Amino acid sequence: MTTTPLLVTRQGAIATLQFNRPEAMNALDLDTAQALLAAVQSIAQDTSVRAVLLKGSGRAFVAGGDLALLRADPVQGARALLTPLNEAMLLLQNLDAPVIAQVHGAAAGAGLSLMLMCDFVLAAEGTKFNLAYINLGTSCDVGASWALPRLVGLRHALEIAMLGETFGADEALRLGLVNRVLPAAELEDAAQAFAQRLASGPTRAYGHMRRLMRSSFDRDLAPQLQAEAQSFDACARTEDLREGLEAFFAKRAPQFKGQ
């Protein structure tokens, strides 16, 4: 049995969070949820982190929540598990650093919800997806009802959520749930390269861009234009914008510092 439910590593500006309960296909138990929250809290305070990569150990990304915890006490178990998970999701959404999911094997239940909350998803061929909650007789959590209709539209979201059917990586790509599908042997290197590309970008601008995109669903055009102007004003004060302009006129690649 593993003793560390979440492995946290740094490679340059990339922070990797690896779910590490392979014997349970990385099902999210209370220790994992609390470890995830602690890791995200630390990342939120560290401006040197410029990309976050989520992945799983063993045969799967995350195969859902810990059903043994729910079976023992459905009400209190759910509350205990969702409190740290929900706080972690809010922190992830407010980061400047983009969040990438490296998904293989299975992403089900809370694992699929967690994947949906990421900015980018790279999936291995053969990965299976299932929102699964309805098969247990419950509604969804960890932000799925917020993210899923934004990604695929209401009718597709209702079909995925209410039929509880398993579908593959090609269907996930067609629906827009994942960005890329790769051979399993190439997934690790491709995810690292993708994360490194983002970690080399204008991190503050990424943060404004991801928040603008998400908030656009809740605003009319006029307030969205105002929000864009405010974000552009904030970016105009960064070192990265000055570097981008200098690089453009010098006809060279910009060297962003995330500042």
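The values are calculated or read from the model by the stated rules, or taken from the named source; none is laboratory data. Small disclaimer: the values here were computed from a predicted structure and weren't measured. Quick reminder, even Gly has a Cβ in these numbers, built from the backbone with ideal geometry, and neighbours come from all protein chains shown.
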What do you reckon, is GLN255 out of contact with any Pro (no Cβ under 6 Å at 6 or more places or on another chain), of a type in the set (S, T, N, Q), in a loop (DSSP other than H, G, I, E, B) and exposed (fewer than 14 other Cβ atoms within 10 Å of the Cβ)? yes
From MET89, MET115, grab the single residue that is assigned to a helix (DSSP H, G or I), under 23 Å from PRO183 (Cα atoms) and either at pLDDT 95 or above or not assigned by TED's automatic domain parsing to the domain that holds ALA190 (or both). MET115
When (1) surrounded by fewer than 17 Cβ atoms within 10 Å (Cβ to Cβ); (2) over 21 Å from LEU67 (Cα atoms) are applied to CYS118, the one that fails is (1)
Looking at PHE120, PHE167, which is the one that is aromatic (Phe, Trp, Tyr) and more than 20 Å from ILE43 (Cβ to Cβ)? PHE167
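Residues are listed down the side, and each one gets a yes or a no for (1) among the acidic types (Asp, Glu); (2) free of Cβ contacts under 8 Å to residues at least 24 places away in the same chain; (3) within 20 Å of GLY111 (Cβ to Cβ):
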{"residue": "LEU154", "(1), (2), (3)": "no, yes, no"}
{"residue": "LEU173", "(1), (2), (3)": "no, no, yes"}
{"residue": "ASP189", "(1), (2), (3)": "yes, yes, no"}
{"residue": "ALA193", "(1), (2), (3)": "no, yes, no"}
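Touching a Lys or Arg at 6+ places or on another chain (Cβ under 6 Å), outside any loop (DSSP other than H, G, I, E, B), within 19 Å of ARG210 (Cβ to Cβ) and touching a residue at least 24 places away in the same chain (Cβ under 8 Å): is that true of GLN18 in this structure?
In short, no.
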Qualifying residues in segment 121-141 (those that are in contact (Cβ under 8 Å) with a residue 60 or more places away in the chain and either assigned to a loop (DSSP other than H, G, I, E, B) or of a type in the set (Ser, Thr, Tyr) (or both)) - the one surrounded by the fewest Cβ atoms within 10 Å (Cβ to Cβ): ASP141
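Kindly provide the set of residues from segment 59-81 that are under 30 Å from GLU188 (Cα atoms) and surrounded by fewer than 17 Cβ atoms within 10 Å (Cβ to Cβ), ordered by number.
Correct list: ARG59, LEU67.
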Residue under evaluation PHE217, criteria (1) assigned by TED's automatic domain parsing to the domain that holds ALA108; (2) touching a residue at least 40 places away in the same chain (Cβ under 8 Å), criterion not met: (1)
I'd like to know if segment 39-50 contains one or more residues that are in contact (Cβ under 8 Å) with a residue 12 or more places away in the chain, within 27 Å of GLY168 (Cα to Cα) and among the charged types (D, E, K, R). no
